[in-house]
Amino acid sequence: MEREQVYIFDTTLRDGQQCPGAGMEYKRNIEYAKLAAKLGVDVLEAGFPSASKMDFKIVQAIARELSPDEDSPVIAGLCQLRSEQIDVTIEALEPAVSFGKARLHTYLPVDPQLMPASLGPLASDKQKLVEQVAEFVARAVKAGLQVQFSPEGYSRVAENFDFTTDLIRAAVASGATVINCPDTIGGACKTQGEEYFVRLMNTHAEIIRSEFPDKEITWSVHCHNDFGLAVANSMNAVFEGPARQIEGCINGIGERAGNASLEQCIMLIKHFGELSDGRKFFTRAKTPYIQEASNFVANYMLPRQPHWPICGENAARHSSGGHTNAILKFLHAYQPFNPEETGNKVSLLFGPMSGGNHAKSIIESAGFVCTDEEKSEISQFIKTKYAERRKGITDAELLKAYFEYRRPIHVTSFDYSRSSNQSAVHLEGKFYSDEGSITEKHEGRDSALAALKTAINKHHPGLEIVSHQSHSEGESISAQSVSKIVLSDEEGAEYIGIGKDRDIEISAMKALIDAANSAYIEAHYRRV
């Protein structure tokens, strides 16, 4: 059996921007249009040209800029079934007409509850509505545009099924080539049985096929997510119905609870498009650009949930010990698909549930030693240091804790003295192999810093101070001194240390210890 293409109709710029807070300035609309073209969507609904002068400008600019490219999508503009809106939309899409890439998308409510609310007294004159569909569709077709017709509220058509049939029949007879059957209110569910809109679509498709055997009609589906079923309903319309076009938005944005998520639909077709009955479905979407499109929408339209499927920040990120242990052996052990398919990659976040192997991996990736014998102890040290960081820490923070674990000098209290010809430093804590009280003296007129350096050089010879700077941080009497010391070793490598204290001498000693600790760790724990 031949493969069947499912066309991707991207309405992120239209339905997506109708969502409160999701609107973008002119240039961002153009940027997204180019990104959608790169993603390989088949139809890009660029906006509602008659809504405002700016919307007209956006749709016309996208039609002008994208259409000359052979691989660019068809550009669609939405309008109500009103004479003046039809004309404005035709004008906005005119730059795409000569390339065969202009589509006018018009709609009319068929939901018995929606019709009077939307159409007023005209709702009762169904024959006139059918005639208007025929007239306006024919006008757009004559102007060289493709036409897509949507019976709005299709999933709640109820007693208006026959009326809807008449509207679809009129649209097809007048030249419409795409019929979209929307779950406008997002209330459809497969448990509705015979009233389920996909079953209604099958019936309508059979009617139109029998009445217009020579016409190629693409059936489309546009689902809203009010019950969280937009993607499922869209897939059902393809796998169990006649739909060969799916409408939706990147990240599932859109009115109310949003539309079907295009990236989810694309990936579902890619991974589950071969059915047990032999049918095979595909899209022309270039999936490695999905993450880029998703990030754009998250950055400039509406924030994306971290756990959002396919593209969420956590979709390919792990922190639990069991998961990370397996992933370190097989990268995609806990992924249903390779995240690189969508332009993403697996990442590991160290957190309270992480284990020693995770810490070891990060440390070794940074170029430092972490043996199997000590990985658990190091991991626990890191967790203890960030005990309140239940949401995880960055790799840089983990390495900072690792350096703290490895530091050969850990001073808990400082004291110093100086006379005309001698300085001395008195420390409590750990000083290389010594533990407890450490005292060092230095002959000469230098500060206590010189005494500390003398003590350090006994354990780590060859370190020289190449820079020492101090400045005040704050303005009151409680201001701190911030010291920065740069050490160099015999190979010429440099190590920066920072120290803070109200006492300028102690801040300098803290900075020297910080630099000396870094030098020691580099010398003894850098992987060869």
Point to revise | Unique match (being touching a residue at least 40 places away in the same chain (Cβ under 8 Å), over 25 Å from Val133 (Cβ atoms) and either touching a helix residue (DSSP H, G or I) at 6+ places or on another chain (Cβ under 7 Å) or crowded, with 19+ Cβ neighbours inside 10 Å (or both)) among Asn225, Asn236 | key: Asn236
Study note, to complete from the structure: When restricted to Phe350, Phe272, Phe337, Phe296, the only residue under 25 Å from Ser379 (Cβ atoms) and of a type outside the set (A, V, I, L, M) is Phe350
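So for the stretch 55-67 (the condition being of a type in the set (Gly, Ala, Ser), in contact with a Phe, Trp or Tyr (Cβ under 6 Å, 6 or more places away or on another chain) and under 30 Å from Pro242 (Cβ atoms)), does at least one residue qualify? Steps first, answer last, please.
So in the stretch 55-67, the residues of a type in the set (Gly, Ala, Ser) come out as 61, 63, 67.
Then keep just the ones that are in contact with a Phe, Trp or Tyr (Cβ under 6 Å, 6 or more places away or on another chain); that gives 67.
Right, trim to under 30 Å from Pro242 (Cβ atoms) and you get 67.
Looking for residues that are of a type in the set (Gly, Ala, Ser), in contact with a Phe, Trp or Tyr (Cβ under 6 Å, 6 or more places away or on another chain) and under 30 Å from Pro242 (Cβ atoms), one finds at least one in the stretch 55-67, hence yes.
Does at least one position in the stretch 188-204 carry a residue that is among the small types (Gly, Ala, Ser), within 28 Å of Phe136 (Cβ to Cβ) and touching a Leu at 6+ places or on another chain (Cβ under 9 Å)?
If we filter the stretch 188-204 for residues that are among the small types (Gly, Ala, Ser), which is where we start, we get 188, 193.
Then keep just the ones that are within 28 Å of Phe136 (Cβ to Cβ); that gives 188.
Restricting the remaining residues to those that are touching a Leu at 6+ places or on another chain (Cβ under 9 Å) gives 188.
So far as the stretch 188-204 goes, yes, one or more of its residues are among the small types (Gly, Ala, Ser), within 28 Å of Phe136 (Cβ to Cβ) and touching a Leu at 6+ places or on another chain (Cβ under 9 Å).
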Review point. For residues in the stretch 107-151 being among the small types (Gly, Ala, Ser) and not in a helix (DSSP H, G or I), which is surrounded by the most Cβ atoms within 10 Å (Cβ to Cβ)?
Key: Ser150
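If only one of Glu206, Glu194, Glu211 is in contact (Cβ under 8 Å) with a residue 24 or more places away in the chain and surrounded by fewer than 23 Cβ atoms within 10 Å (Cβ to Cβ), which one is it? Write out each step before concluding.
On the way: Glu206 fails: in contact (Cβ under 8 Å) with a residue 24 or more places away in the chain; Glu194 fails: in contact (Cβ under 8 Å) with a residue 24 or more places away in the chain.
Of the residues listed, the single one that is in contact (Cβ under 8 Å) with a residue 24 or more places away in the chain and surrounded by fewer than 23 Cβ atoms within 10 Å (Cβ to Cβ) is Glu211.
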Revision key, fill the gap. Reported set for the stretch 30-50 where residues are surrounded by 24 or more Cβ atoms within 10 Å (Cβ to Cβ) and over 14 Å from Cys249 (Cα atoms) is Phe48, Pro49
**Study point:** Verdict on Lys53 being exposed (fewer than 15 other Cβ atoms within 10 Å of the Cβ), within 25 Å of the chain's Cα centre (by Cα) and charged (D, E, K, R)
**Key:** no
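With in contact with a strand residue (DSSP E or B) (Cβ under 8 Å, 6 or more places away or on another chain), in contact (Cβ under 8 Å) with a residue 12 or more places away in the chain, assigned to a loop (DSSP other than H, G, I, E, B) and surrounded by fewer than 19 Cβ atoms within 10 Å (Cβ to Cβ) as the only criterion, which of Pro352, Pro309 stands out? Let's see the steps before the verdict.
Working: Pro352 fails: in contact with a strand residue (DSSP E or B) (Cβ under 8 Å, 6 or more places away or on another chain).
From the options Pro352, Pro309, the qualifying one is Pro309.
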Exercise for review: Return yes when Phe56 is assigned to a helix (DSSP H, G or I) and of a type in the set (Phe, Trp, Tyr) and no when it is not.
Suggested key: yes
Revision key, fill the gap. So, first residue over 20 Å from Lys126 (Cα atoms) in the stretch 69-87, second residue acidic (Asp, Glu) and assigned to a strand (DSSP E or B), Cβ within less than 6 Å, six or more apart or across chains; the pairs are Ala76/Glu45
Review point. Which condition number does Thr371 fail, the rest of (1) surrounded by fewer than 17 Cβ atoms within 10 Å (Cβ to Cβ); (2) at pLDDT below 90 being met?
Key: (2)
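Being hydroxyl-bearing (Ser, Thr, Tyr) and part of a helix (DSSP H, G or I) is the filter; apply it to the stretch 394-412 and report the residue that is surrounded by the most Cβ atoms within 10 Å (Cβ to Cβ).
Keep residues of the stretch 394-412 that are hydroxyl-bearing (Ser, Thr, Tyr), which gives 394, 402, 405, 412.
Next, from what is left, pick out any that are part of a helix (DSSP H, G or I): 402, 405.
Numbers: Tyr402: 24, Tyr405: 18.
Here the answer is Tyr402.
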Practice item. Tell me which of these Ala176 doesn't satisfy, since it passes every other one: (1) surrounded by 24 or more Cβ atoms within 10 Å (Cβ to Cβ); (2) touching a strand residue (DSSP E or B) at 6+ places or on another chain (Cβ under 6 Å); (3) in a helix (DSSP H, G or I); (4) not basic (Lys, Arg). Key: (3)
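The values are calculated or read from the model by the stated rules, or taken from the named source; none is laboratory data. As the structure is a computational prediction, the values presented were derived from the model and not from experiment. Cβ: placed from backbone, ideal geometry, glycine included. Neighbour counts: every protein chain shown.
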